[in-house]
Amino acid sequence: MQATLTALLAKATAELPSLKTRADFEAAKARYVGPNGEFTALMKQMGTVPKEERPAMGKLINEAKAQLQVQLDATLQRLGDAEINAQLGPAIDPTLPSPDAGPGTSHPLTLVRDEMCRILRKAGFTVVEGPEVETEYYCFDALNTPPDHPARDAQDTFYFPEKSRFGNITKKTPEEKYLLRTHTSSVQIRTMLKGSPPIRVVSPGRVYRRDTSDATHSANFHQIECLYVDKNVTVRDLKALLDYIFASLLGKDTKTRFRPHYFGYTEPSFEVDLSAQHLPKVNKPWIEIGGCGMVDPLVFEGVGYDPNVWSGYAFGMGLERLAMLMYGIDDIRYFYQNDLRFLKQFA
Amino acid sequence: MKISRNWLRQYVRLYSTTEELQRAITFLGFEVEGVQTTGLPPLENVVVGEIKTRAKHPNADKLSVCTVEVGPAHGGIRTIVCGAANCDAGHRVPVALPGAVLPGDFKIKQSKIRGQQSDGMMCAADELGLSGDHSGLLILAPDAPIGEALNKVMPDGDTVFDIEVTPNRPDALCHIGMARELSAWLRTELQFPAIKFNGKVGGASRPDILANIRVDAPEDCPLYVGIAVTGVKVGPSPAWMQERLAAVGLRPINNLVDVGNYVMLELGQPLHVFDAKKIAGRQIVVRRATDGEKLVTLDGKERALNSRMLVIADEARPLVVAGIMGGHDAGVDATTTDIILEAAYFRPQSVRWTSRRLGLASDSSYRFERGVDPHGTAEAARRAIDLILETAGGTVVGPAFTVGGDRPWSREITVAPHYIRAKVGFDITDDEMRDAFHGLHLPIKEEHDTKAGLEWTVGIPSYRGDLDRPIDLVEEVLRIYGTDRIPPQVSAGPALVDGDDDPIAVFNRQATDYLVGQHFHEVVNYTLRSKQELATWASAAAVEELGLANPFVDDQSHLRPTLVLGIMESLKLNQSRGVATARLFETGRVFMELNGTVQECVAVGFVLCHNPKDRAWLARPEPDFYAVKRHVEILARSAGIDLAAQEMVPVRGAFWGWQEGQSAAAGEMKDGWTARFGLLNLAMVRAAGIEGKVWAGTLALLPAKLAAAGGHRRYQPFSLFPAALRDLALVVDAARHADEVRTVLLKAARAATAGAAFTVESVAVFDVYAGKGLPEGKKSLAFALSFRSAERTLTDDEVNAVFAKIQQAIAADGSVTVRA
């Protein structure tokens, strides 16, 4: 009997490692330990063993059974592992690049615009939008620009033919011409006409000048403009807003200064300079960044606000110029060429 | 405009450095575009010295040790180490003594150079801020007095500021104007040039020189002054006048022309000098030109005039385009002996219009179109007569003509100091305000105490046409007080202002965020595009509607009807530069037709490209129609549009730019939006020079549609019980759209569950098949039907009963058969 057990174990040891599938394994298992298995048959012979030999024989059988079970378990484990491994591909090379698309990017003009809007939102400004095709009233007349002002000349402003009809752009008078807005200030007028004070808005958007394109000029560019209308708004408030904006945008050491200037729709008017020593590629202590002033009483009268009750300030600047200053970009045309090697540098 | 410091000093004391002056001009509200210094700057402790001895430096080959006499006041003889080759004994040279500061902030100290004491520095020209080289010491005249300050020995330098004056300040377009501003800033007095000629004609009446002046167009020329001078001698103007003119960039011509220019640059009033002999009929007529009248101007060009243009003419012909430029053959020349001086006030709008129309501008027109001082005209004429008599001799003869009169432009503004303080938002004392007004020659004529407080009546001189209202005086006070003194303030906490970001801004932000998250790169392209390019995208009639009246360049003449054209340009640029580019997008305005009008729309557009030349080590599936459809669906959601619930029309021929059979459209402008998506027309893409396939999507929205979108969402309860699923494959014509079949099936399923205790939850296509096993021209669409009850788990039997009913209903529909 002992010899039979040893032979059986040897047979199992030889056979089990060569099994390839779970079905083969189940069949083999049945042949050894199934109800009609060889090992089961051996156990059934225990009754024929003399009584005095039974303990020793029982021990032998138990040992053999344990050994067989270990082999069966190992085989099952091996087959299970093989099944999982069969589902896996070859080993990866962690140094190969992903063939999938890389991160998307926002355009630098969008980044600067959104950052300005974010900063202004904290100061209570919400974003307003207006049409890019405008009329003479909203772009010029309402902003106190006289009819023969050079800015209105067909040399500087894009106009549309008199027959042009823009269905969703309202005219003030039927005879006025459509044009491409030369500044976002037209949105101030539409906002004031639509709403009522207090007003605190920022209007970013595209504007157009009839101008030669070169490193610093572009046929269309973008402005961002703030308007605040309330009671008792002062020059000092305006200066405080600009100090806040540029300290937030460019660091708290950034200083602003006002230089008296002239705009038809603000009085007093100022040009705004930034302290520029920490900006890239600027070799001047101060650099001009925009224009601002207190809303002219004539503008208020035009939109039906009593200038004796309401006061306000407005501030506007070019987004391209700001982006060029912030990033040290030296040619405005890069914004409109959209070379990916340029676009990917900012996000 | 160029302003000379030396010239300014005729009217105002200037002790300030160039930097201080530049700052003053800047804060007065004038932009300094350039500063040019010529000649020797003011230098302290730089004196004339004479080299007495020269010896070689014991420790350096290229250095000399000199003894230099600098005069008893400066210590007599000094030892100075010098590196110049020409430091020979006997030369008189500039010596910077210890304590001197040379240009470039170079401080001179006693020092030891290679062990030798050096007690100052002998200077080359460039070290003194003069133009010139560093090749040797500046050798002075042999009689230059030893010990004298160098500034006394050498001619004065000058500093010229190039200043941009805002259009509201024509009064500052001259030296007196700028001196007036500086005197206010520096709190010092203004010295006006003394004028001797009182306007009274001393000489005889000479109608043979000038018989009459007639103004036919007084609305364009409210004031015209003409004064005749006989016996003048044309020649060069005096050196001082030539120097000042040259300093500000004007070429001296002769005494008469130079006087005209000088007075213009001094007082701001342009003048004109006629040769009396060249005036036919001795008669000056100020009139409108006739249409087609011609005049050859001083620059030698023939100008065609019209009846809106003002000219100064004689009996026969126009002589001058009024206020802009004189005629070629009516000016003074070397033989001129009798002249007529013109000083006039021309209506600014008239001069501006004519100047623009003729494309002709001059220093004169620049001032007239901004507005000269109507009260200063006669005064400028008198100043010019003084200078003519001084530089060219002659006699003023009568009669002097003044046609028209001063316009009553001097006026008063009442302003309260507390009003000014309220506008600026900080304290400026009454006295500081009085100072500002006084400095600017805006006299406070009266002070009243009113109930509301102190009030001032401020006189406004005629040359300040920009000051009309109290608010204008706020700026004047602030300018002189100094905008650099506005006190800082922590930005006040925002008062609550109602409102939210405009829906356009919100939509653009959402679209941008989504597409950036989907690996797209945002591009920005011009709104204006070329007519030829648009012809690939819209009909000739539609393109016509988008054209500008006055394009600047041909390739930017029309508004864009789509973002795709610009994005394609970006794509092409990157491809041509060898930059692999797969995904681009843009947001912006586009212009689309609706009911015969153009509508400005908010738009987003994107492209997904497959360029076989962009290789990768591991292949990914190519983009396809269904990829761009999904992107458009998600973008439309931001605008409140459920694209899946919309009718989708496949593109057939009529749609420009899109590939037939590979593209679709949804929405119509009359509903406020439209979407196009699919494959861009391959021929168009190839013609544009782009490689590969370009899948694209666009969504255009009327702003009004966006404003109406949104709204409150409400919770819908959902079942917690499992769904029962059944699959059904239907055979239909191959051309039939899946959604049409799905709708048939959905209708049947709804009918079948009408009486049941559960509903059909969804019907979704999960397989599309054509080919083997199916008849030619047919395809199989397999749908998964999902049934669910809100109250319980469904039994097979009840679902099977409904499913059988559905199959029967479908079988009854002739166009669809259940696949066996």
Legend entry - Residue ID - surrounded by the most Cβ atoms within 10 Å (Cβ to Cβ), chosen from residues in segment A:148-164 that are part of a loop (DSSP other than H, G, I, E, B) and in contact with a helix residue (DSSP H, G or I) (Cβ under 8 Å, 6 or more places away or on another chain): A:Thr157
Inset, instruction - Could you check, for segment B:794-806, whether at least one of its residues is open to solvent by 40 Å² or more (accessible area, probe 1.4 Å), in a loop (DSSP other than H, G, I, E, B), in contact (Cβ under 8 Å) with a residue 24 or more places away in the chain and over 30 Å from B:Gln662 (Cβ atoms)? - result: no
Legend entry - Subset tally (residues that are among the hydroxyl-bearing types (Ser, Thr, Tyr), more than 60 Å from the chain's Cα centre (by Cα) and exposed (fewer than 13 other Cβ atoms within 10 Å of the Cβ)) for segment A:1-45: 2
Inset, instruction - Go through (1) in a loop (DSSP other than H, G, I, E, B); (2) farther than 27 Å from B:Ala247 by Cβ; (3) open to solvent by 60 Å² or more (accessible area, probe 1.4 Å); (4) not assigned by TED's automatic domain parsing to the domain that holds B:Glu342 one by one and return the number of the condition B:Lys112 breaks. - result: (1)
Legend entry - Among (1) open to solvent by 20 Å² or more (accessible area, probe 1.4 Å); (2) more than 10 Å from chain A (Cβ to nearest Cβ); (3) out of contact with any strand residue (DSSP E or B) (no Cβ under 7 Å at 6 or more places or on another chain), the one test that B:Trp617 misses: (2)
Inset, instruction - Go through segment A:208-218 and give me each residue that's facing chain B (nearest Cβ under 10 Å) and either touching a residue at least 40 places away in the same chain (Cβ under 8 Å) or of a type in the set (Lys, Arg) (or both). - result: A:Tyr208, A:Arg209, A:Arg210, A:Asp211, A:Ser213, A:Ser218
Inset, instruction - For residues that are assigned to a strand (DSSP E or B), open to solvent by 20 Å² or more (accessible area, probe 1.4 Å) and aliphatic (A, V, I, L, M), tally how many sit in segment B:142-185. - result: 1
Inset, instruction - Give me a count of the residues in segment B:588-614 that are facing chain A (nearest Cβ under 8 Å) and within 30 Å of the chain's Cα centre (by Cα). - result: 6
Inset, instruction - Answer yes if at least one residue in segment A:117-126 is more than 21 Å from A:Leu241 (Cα to Cα), within 8 Å of another protein chain (Cβ to nearest Cβ) and either open to solvent by less than 50 Å² (accessible area, probe 1.4 Å) or of a type in the set (Val, Ile, Thr) (or both), and no otherwise. - result: no
Inset, instruction - Run B:Leu559 past the list (1) buried (at least 24 other Cβ atoms within 10 Å of the Cβ); (2) of a type in the set (A, V, I, L, M, F, W, C); (3) in contact (Cβ under 8 Å) with a residue 40 or more places away in the chain and report the number of the one that doesn't hold. - result: (3)
Inset, instruction - For segment A:293-317, enumerate the residues that are crowded, with 21+ Cβ neighbours inside 10 Å and within 11 Å of chain B (Cβ to nearest Cβ). - result: A:Gly293, A:Met294, A:Val295, A:Asp296, A:Ser311, A:Tyr313
Legend entry - segment B:342-352, residues that are among the charged types (D, E, K, R) and open to solvent by 30 Å² or more (accessible area, probe 1.4 Å): B:Arg347, B:Arg352
Inset, instruction - Please find, within segment B:661-701, the residue that is most open to solvent (accessible area, probe 1.4 Å) out of those that are without any contact (Cβ under 8 Å) to a residue 12 or more places away in the chain and more than 20 Å from B:Asp614 (Cα to Cα). - result: B:Glu668
Legend entry - Criterion violated by A:Ala247 - all others in (1) touching a strand residue (DSSP E or B) at 6+ places or on another chain (Cβ under 7 Å); (2) free of Cβ contacts under 8 Å to residues at least 60 places away in the same chain; (3) facing chain B (nearest Cβ under 10 Å) satisfied: (1)
Legend entry - Options A:Leu279, A:Leu274, A:Leu322: the member that is over 24 Å from B:Ile420 (Cα atoms), open to solvent by less than 50 Å² (accessible area, probe 1.4 Å) and in a strand (DSSP E or B): A:Leu274
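A quick yes/no check of all residues on (1) open to solvent by 10 Å² or more (accessible area, probe 1.4 Å); (2) within 14 Å of another protein chain (Cβ to nearest Cβ); (3) among the aliphatic types (A, V, I, L, M):
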site: B:Ala280; (1), (2), (3): yes, no, yes
site: B:Leu305; (1), (2), (3): no, no, yes
site: B:Val311; (1), (2), (3): no, no, yes
site: B:Gly323; (1), (2), (3): no, no, no
site: B:His328; (1), (2), (3): yes, no, no
site: B:Ile340; (1), (2), (3): no, no, yes
Inset, instruction - Restrict the check to segment B:190-209 and report whether at least one residue is farther than 25 Å from B:Tyr345 by Cα, outside the structural domain of B:Leu102 (by TED's automatic domain parsing) and open to solvent by less than 20 Å² (accessible area, probe 1.4 Å). - result: no
Inset, instruction - Answer yes or no as to whether B:Leu563 is assigned by TED's automatic domain parsing to the domain that holds B:Trp673 and under 26 Å from A:Pro108 (Cβ atoms). - result: yes
Inset, instruction - Output the number of the condition that B:Gly588 fails; it satisfies all remaining conditions of (1) outside any strand (DSSP E or B); (2) within 23 Å of A:Phe166 (Cα to Cα). - result: (1)
Inset, instruction - List every residue pair whose Cβ atoms sit under 6 Å apart, with the two residues 6 or more apart in sequence or on different chains, where the first one lies in segment B:434-460 and is open to solvent by 70 Å² or more (accessible area, probe 1.4 Å) and the second, anywhere, is at pLDDT 95 or above and among the hydrophobic types (A, V, I, L, M, F, W, C). - result: B:Glu447/B:Trp456
Legend entry - Cβ pairs under 8 Å, 6+ apart, first in segment B:517-540 and away from every other protein chain (no Cβ under 11 Å) and surrounded by 18 or more Cβ atoms within 10 Å (Cβ to Cβ), second part of a helix (DSSP H, G or I) and β-branched (Val, Ile, Thr): B:Leu534/B:Val543; B:Trp537/B:Val564
Inset, instruction - Count, please, the residues in segment B:353-369 that happen to be of a type outside the set (A, V, I, L, M, F, W, C), surrounded by fewer than 22 Cβ atoms within 10 Å (Cβ to Cβ) and within 11 Å of chain A (Cβ to nearest Cβ). - result: 3
Inset, instruction - Can you give me the number of residues within segment B:47-83 that are over 15 Å from B:Leu137 (Cβ atoms) and in a loop (DSSP other than H, G, I, E, B)? - result: 8
Legend entry - Hits in segment B:563-587 (condition: open to solvent by 10 Å² or more (accessible area, probe 1.4 Å) and within 7 Å of another protein chain (Cβ to nearest Cβ)): B:Leu573, B:Arg577, B:Val579, B:Ala582, B:Arg583
Inset, instruction - Quick one: in segment A:219-235, of everything that is within 8 Å of chain B (Cβ to nearest Cβ) and within 18 Å of A:Leu179 (Cβ to Cβ), which residue is surrounded by the fewest Cβ atoms within 10 Å (Cβ to Cβ)? - result: A:Ala219
Legend entry - Residues of segment B:1-27 classified as closer than 16 Å to A:Trp286 by Cβ and either buried (at least 20 other Cβ atoms within 10 Å of the Cβ) or of a type in the set (Gly, Ala, Ser) (or both), total: 4
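The values are calculated or read from the model by the stated rules, or taken from the named source; none is laboratory data. Just so you know, these numbers come straight off a predicted model, no measurement behind them. Here the Cβ is made from the backbone with ideal geometry for all residues, glycine too, and neighbour counts use every protein chain on show. Heavy atoms of the whole protein, side chains included, go into the accessibility calculation; ligands, DNA and RNA do not. Shrake-Rupley method; radii C 1.70, N 1.55, O 1.52, S 1.80 Å.
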